[in-house]
Amino acid sequence: MLAMNEALVLAALRQQELTDAAESLNVRLQKEIDERIQAEVALRASETRLRNLNADLERRVLEGSRELGRNNLIDAIESLDHGLVLYDHEDRLVLFNQHLYDQYPLANGHFAIGQTFEQIFRVLVDCGAVTVPPGESAQQFIADSVARHKRADGTVAEVVQPDGRVLHVTEHRSKSQGFVSIARDVTKQLKLAEQARESQKMEAIGRLTGGLAHDLNNYLAVVLGNLDLLAEQPNVDATARKLIDGAIAGTLRGGELIRSLLAFSRRQPLAPRVIDVGQHVAEVTNLVKRTIGENIVVDLRVADDLWPVTIDAAQLDSCVINLANNAHDAMPAGGRLSIALSNVSLRDETSTEEGASLRDHVQIEFADTGTGMGEAVLARAFEPFFTTKGPGHGTGLGLSMVHGFVHQSGGFLRVDSTPGAGTIVRLYLPRTVDAGVDQVNSPKVEALPGGHERILLVEDHEEMCAVVAAQLGSLGYATVAVDNGEAALALLDEQAGSFDLVFSDIVMPGRIDGLELARRARERWPDLRVLLTSGFAGSVVRAEYKKAPGVLRKPYRKADLARAVRGVLDGAQPKARK
């Protein structure tokens with residue numbers, strides 16, 4: 001009985017232990033379940049916050065990208081060197097860059113967002129930012145501009161600014177059916193294009209004058225040579241000699257005209273030297289006073305201590321005479337021609353550099369009280385062969401030659417003219433620094449130098465060849481003539497060492513011209529002297545001969561020929577004769 005009770009007690013205790021263990025396990029399980037539920041709730045809350053953060057971040061990134069894109073777009077528009085204007089589909093101003101104000105400085109502050117093109121354009125016309133073309137009313141000009149804007153077909157509209165700048169404006173339709181207007185400043189491009197056209201025109205005229213000059217100078221040389229030979233005849237009386245002198249003077253003036261044409265077309269180099277411009281112009285002005293007519297008063301004012309310049313004195317003479325003749329023709333009823341020389345410092349207009357420093361120039365001003373020129377005539381004043389004078393009065397080359405001479409001398413010129421009030425032409429010649437004025441002495445009258453040497457004359461022009469042979473013969477020289485370079489070389493080979501001098505024209509038909517003949521002759525016979533001549537001693541002369549004393553320019557006097565031949569021969573080393 002006792003044993004059974006003990007067993008019951010033990011069973012009860014064991015049951016209690018199991019119950020307590022079960023309760024403890026339930027508590028732990030419930031706690032773990034609660035903790036997992038809490039973790040899941042926290043996770044869901046965290047995921048929600050993460051989604052919200054991602055959405056916010058995406059929104060901010062998108063907004064930043066849009067702002068960055070807008071800023072980049074604005075930066076790109078502002079970086080354009082053209083004026084850009086955007087209008088919406090209702091033709092209201094949406095956007096424009098600040099460069100537009102550089103092109104329309106008078107319009108600064110007049111562009112307002114939301115205004116229509118017509119409103120803005122009227123303001124531009126009213127404030128003077130856009131100039132109404134001459135002969136057109138403001139209302140019609142505005143109406144035509146608005147109509148062109150509405151078409152927006154890319155047509156170029158040329159807008160001339162009050163300061164002379166030229167804008168090309170084009171307008172196009174945008175994808176949103178708005179308008180895009182682009183304004184380009186084409187002033188420099190138009191100026192360069194005009195310079196290119198002038199260069200091509202000068203090149204064409206240069207080819208024309210260069211081709212004619214050689215033949216013309218040959219004919220003048222024939223006339224001049226025969227006149228010199230005629231003047232030496234013993235039976236020439238005073239009356240005939242006066243006529244001969246007049247013909248010689250006219251022939252020389254014809255040669256000067258051809259040289260001026262070649263210099264104008266840049267086919268012949270100038271012969272610059274340092275001169276006192278004031279003294280030189282004063283001497284020419286005295287000649288002008290005697291020839292321009294009694295009904296025109298000529299005044300000359302020369303500033304003290306005028307700077308020296310380096311120019312071709314003969315071309316300056318032609319320049320003064322041409323301008324004086326133009327003034328004379330502009331004052332048929334008389335008037336006043338004022339010539340003033342002074343020192344000035346200003347920017348060289350031939351320089352393309354922005355902000356170029358000032359340069360010293362000598363200014364020569366020609367002011368007349370004549371009929372003047374309108375804008376249309378003034379714009380073409382320097383065109384070759386352009387003239388407003390009637391038939392038989394003027395060639396249209398006067399101002400062109402002046403223009404060519406001044407620019408070839410490194411200077412520039414300006415012309416101001418008003419119909420009925422006269423014309424002012426100002427020449428600007430660059431100052432020569434640290435150079436003494438070249439002194440030119442009058443040639444002395446002396447006997448012409450001659451000799452007994454043997455000369456090979458190479459000249460393809462039959463009349464010219466006959467005249468030169470006669471002149472050389474009258475100077476005592478023995479002359480053999482051929483008409484081309486190949487024949488000259490063959491004769492030199494055949495009679496090696498028998499000639500003292502080769503006198504050859506430069507421009508000749510065949511493969512061997514005068515320059516090639518000189519080169520081959522000097523290579524094969526180093527002691528042989530060579531004298532070249534040409535009526536076109538410009539760009540056809542290679543560099544090694546351009547400054548050589550052995551080039552005689554046609555037309556020349558017998559005295560020039562005598563001195564040139566003697567000078568080349570005397571410069572030679574004595575050589576053995578076979």
Gain on full stretching of the segment that runs from Arg151 to Ala478 - 0.36 nm per residue minus C-alpha separation: 109.3 nm
Mean-position separation - Cα centroids, the stretch 108-127 and the stretch 490-520, in angstrom: 77 Å
Estimated inter-spin distance, Gln200 and Arg44, nm [label 7 Å along Cα→Cβ]: 8.5 nm
Inter-label distance, nm, simple model (7 Å from Cα along the C-beta direction), Ala559/Asp527: 3.4 nm
Net length gained if the chain between Glu35 and Ala21 were fully extended (0.36 nm per residue, minus Cα distance): 3.0 nm
Interchain or long-range residues, amide H under 5 Å from Val551's placed H: Leu532
Sites Gln233 and Val274, calculated FRET efficiency, Cβ-Cβ separation with R0 45 Å, nearest 0.05: 0.60
FRET efficiency for Asn108 and Lys188, using Cβ-Cβ distance with R0 set to 22 Å, rounded to 0.05: 0.45
Cα→Cβ-extended label distance, 7 Å offset, between Glu90 and Ala496, nm: 10.1 nm
Residue-wise HN-Hα coupling along the stretch 19-31, computed from phi with Karplus coefficients 6.51, -1.76, 1.60 (Hz; x: Gly, Pro): 5, 4, 5, 5, 5, 5, 5, 4, 4, 5, 5, 4, 5
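None of the figures in this text is laboratory data; all of them are computed from the coordinates on show. Keep in mind it's a predicted model, so treat the numbers as computed, not measured. All Cβ positions, even for glycine, are placed from backbone atoms using ideal geometry, and neighbour counts span all protein chains on display.
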